[in-house]
Amino acid sequence: MIGGTLFIGRNLVSRLVKDGHEVTILHRKPGHDLGAKVRELVADRNDAAGFAKAIAGKGFDVVFDNVYDWERGTTAAQVDATARACGDKLHRYVFISSVAAYGGGLNHYEGDGLVADDHPDLYARNKAMSERVLFRLHQRYGFPAVTLRPPFVYGPGNPYYREQFFWDRLRDGKPWILPGDGRRLMQFAYVHDVVAACTAAMEEHGAVGHAFNVANARSTTQADLLAALAEAAGKPAAKTAQIIRMPRELIFRMGGHPMGPKLYFGLYYDLPPITMMIAKAQRILKFKPTDFAVGLKESHKWWKASGQRVGPDYSFEEQLWARARMGESGT
């Protein structure tokens, strides 16, 4: 497991250990809390020589490539070097890609084109190029690559300030900002469903050489997302915190940005829509997505039990709420 200490990787390690597999994680900082059964190697996967040295003389049946360096990016060349260093005796190499590789648009199938090598978004470009590298290795040498393309991953243990963003405000009696008309589409994948897809990709012979969309069967509007988050917290939408609609142009003009620091709709949650179809994963991987309401309830239970509180800074939103009170919300 390249990675393994955060969200998807952490849940996947737990599942693999529970299923009786011998698991080794490779990450940059020594030490972990995943249990005595989990071995570790210390290396930077972006350092090809360091990675090769760390795994030299060791044999693995399956590699899960679950790491992206958000500060420097993880390039296709680095993924290529990682894959080649793993040798020619692998049973499977499962790469976690992203719906972002499609670049945009609705109802994508796996055969749709991915973004070009000169696409302006670094993350989308790196994921798309990495997939192309892996499938070239498969075509030329039979390398057993499988790629998974999840959208927004949610669930217990989410380290990104997303679902929790809204529940913090609900708890504190603060309004929710709904950008635009609330109709922008989003698609989600429950973390345990992504883990199940990973293990199926490892086991299913017919998965080799294929990409799979793994997500909820249906997308949801941002307005419906807020209603679902309220329901998960046991507070019907009609009784939740006030929802204030505001034009994105106004939010952006005041300094708001999906990546922060001036958040208004959860970290990275307000992006142009990209949705996809999951029939292929359902057919080959026997993928069965968890009902969104059920997954959100489990996420909310974790959030309450964890006692996590990031110390929300409401100063930017207070500016937005003030504009709304002045009649500038656009509603």
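Values for this structure:
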read-out	value
Local electrostatic count at D291 - Lys and Arg +1, Asp and Glu -1, tallied over other residues with Cβ under 11 Å	+1
Average silhouette area of segment 7-149, convex hull of alpha-carbon atoms, in square nanometres	9.4 nm²
Within segment 256-331, trypsin sites (Lys or Arg not before Pro) in DSSP loop having at most 16 other beta-carbon neighbours inside 10 Å	K286, R309
For the chain, calculated [θ]222 nm from helices alone, where every DSSP H run of n ≥ 4 adds -39500 (n - 2.57)	-11000 deg cm²/dmol
Candidate lysines for bridging to K304, where Cα separation is under 26 Å - those fewer than 8 sequence places away on the same chain excluded	K18, K174, K235, K239, K262
GluC sites (Glu not before Pro), loop per DSSP, at most 11 other Cβ atoms within 10 Å - longest free stretch of the chain	72-331
Within segment 132-232: Cβ-based charge dipole about Cα centre, in debye rounded to nearest 20 (Lys, Arg +1; Asp, Glu -1)	440 debye
Distance between modelled label sites at E22 and A217, nm, 7 Å Cα→Cβ extension	4.1 nm
Using alpha carbons only: equivalent-ellipsoid semi-axes of the chain, gyration tensor based, whole Å	36, 21, 19
Set of lysines near K280 by C-alpha distance (under 25 Å), chain-local residues within fewer than 8 positions excluded	K127, K288
Lysines with Cα under 22 Å of K89, excluding same-chain neighbours fewer than 8 positions away	K53, K58
Projected area averaged over orientations for segment 125-230, convex hull of C-alpha atoms, nm²	8.5 nm²
FRET E, pair K53, K288, Förster distance 56 Å, beta-carbon r, rounded to 0.05	0.85
Cβ-based net charge around M254, under 9 Å, with every Lys or Arg adding one and every Asp or Glu removing one	+3
Restricting segment 109-190 to trypsin sites (Lys or Arg not before Pro) in coil, as DSSP defines it, with at most 11 other Cβ within 10 Å	R183
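Coordinate-derived values only; no laboratory data. These figures come from a predicted structure and were not determined experimentally. Counting neighbours? That spans all protein chains shown, and the Cβs are built from the backbone with ideal geometry, glycine included.
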